[in-house]
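Notes follow the structure.
The values are calculated or read from the model by the stated rules, or taken from the named source; none is laboratory data. Bear in mind that the values here come from a model prediction, so they are computed numbers and not experimental data. All Cβ positions, glycine included, derive from the backbone under ideal geometry; neighbour counts span all protein chains shown. Areas reflect the complete protein model, heavy atoms only, side chains present, ligands, DNA and RNA absent. Shrake-Rupley method; radii C 1.70, N 1.55, O 1.52, S 1.80 Å.
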Amino acid sequence: MNPKQVFLSVLIFGVAGLLLFMYLQVWIEEQHTGRVEKKREQKATSVITEKNQEHSTNQNPKFHMPEDLKEKKENLLKSQIPTAILTKTSHTQGEDQALGKISRSIEKHQGTRTIFKKFNEMNWPLDIRPLNKSLVKDNKWKKTEVTQEKRRSFLGEFCKKYGGVGHPQSHLFHMVSRIYVEDKHKILYCEVPKAGCSNWKRILMVLNGLASSAYNISHDAVHYGKHLKTLDSFDLKGIYTRLNTYTKAIFVRDPMERLVSAFRDKFEHPNSYYHPVFGKAIIKKYRPNACEEALNNGSGVKFKEFVHYLLDSHRPVGMDIHWEKVSKLCYPCLINYDFVGKFETLEEDANYFLQLIGAPKELKFPNFKDRHSSDERTNTQVVRQYLKDLSRTERHLIYDFYYLDYLMFNYTTPVL
């Protein structure tokens, strides 16, 4: 081997050695950086865990209070107003079926972009129209008429002040999925469970010609018969036309009273759906040392356990329409309802509404209790008995949870 070849060999090995050294140096630095980042992540995780533990209650370490309820009420109000982008935050009973309808409708209209582009061109939101009172002939409704105008005005001013609503961009069909349609008398009724909805569906069936009397329609026929159409079953043009030309009604109830009514109905009587689906999950998470029988059948949920579930930001099972906020069921600041009825004056409001839409004179709103007729109706006194089992903090948190509903519909703040 001549000197030139020796020199070239040494040079090649030297360069190779230098490259290897540089590679090893980079690799060592990366490994060190990775270990440092991992330690930081572990430290951050431990801090978060400690903070979460500080927020959990002493009585039940599995119970997590939602963070948004700890903000000031002004922030809570702003955070819960329906915004321009409507998103699905929790599953309620029947929502999966509604979302199925949404998917089918989206397929019919060749994609969501086309749907919402067309919808945005239709000048959303809709303006509040004055009620047509030409069909009301009786002077006895004057007081009810004044009350109704005050409610409409109050809700309208509230939404102007806090709504800040632009064009909805998503989940349009979900937004109208709880609105029932009666085409003959041009009515849209948004269903709020535990606020007279069963009897309202009976009325809609009679108006539709599906029954001769509201008193002859069973509970199962009302809720499982699929006799009535919901607004999300129509195409985009059908939805928009009805929203703009039909009389839109919503009936609400004091939030605390509605919550207790829902609990009594679903958990204090045998129920083949709510006990195994909700009851078992609630007992498992919120009842220490629960017996095997309770864990297996989900019966016997206590009101305090139910409230823990309601307020838990990590619920073991999703929300349900029977205790969901009205602001998330009917979107009152996006859909301008022409008529705002209240459960507290249900018969008076309902019969006045029937006059407004030109219903047959003989049709009156039924006043019977749909189920568990032997039970006392849920009223202020009954609610007070249930709230006794809760701490003052829990009672305040329930109020905070339904704060927007209390404000929107001008309900009196309860004594807590």
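Computed values, structure above
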item	result
Value of D in µm² per second that Stokes-Einstein yields for the range 290-416, Kirkwood Rh from Cα pairs, at 4 °C (1.567 mPa s)	72 µm²/s
Estimated inter-spin distance, HIS223 and ASP389, nm [label 7 Å along Cα→Cβ]	2.1 nm
At most 11 other Cβ within 10 Å, DSSP loop - GluC sites (Glu not before Pro), the range 336-416	GLU362, GLU376
Solvent-accessible heavy-atom area per residue, rounded to whole Å², over the range 307-416 at 1.4 Å	41 Å²
Trypsin sites (Lys or Arg not before Pro) restricted to DSSP loop in the range 368-416 with at most 12 other C-beta within 10 Å	ARG371, ARG377, LYS388
Largest-first ordering by accessible area, 1.4 Å probe, given options THR380, THR345	THR380, THR345
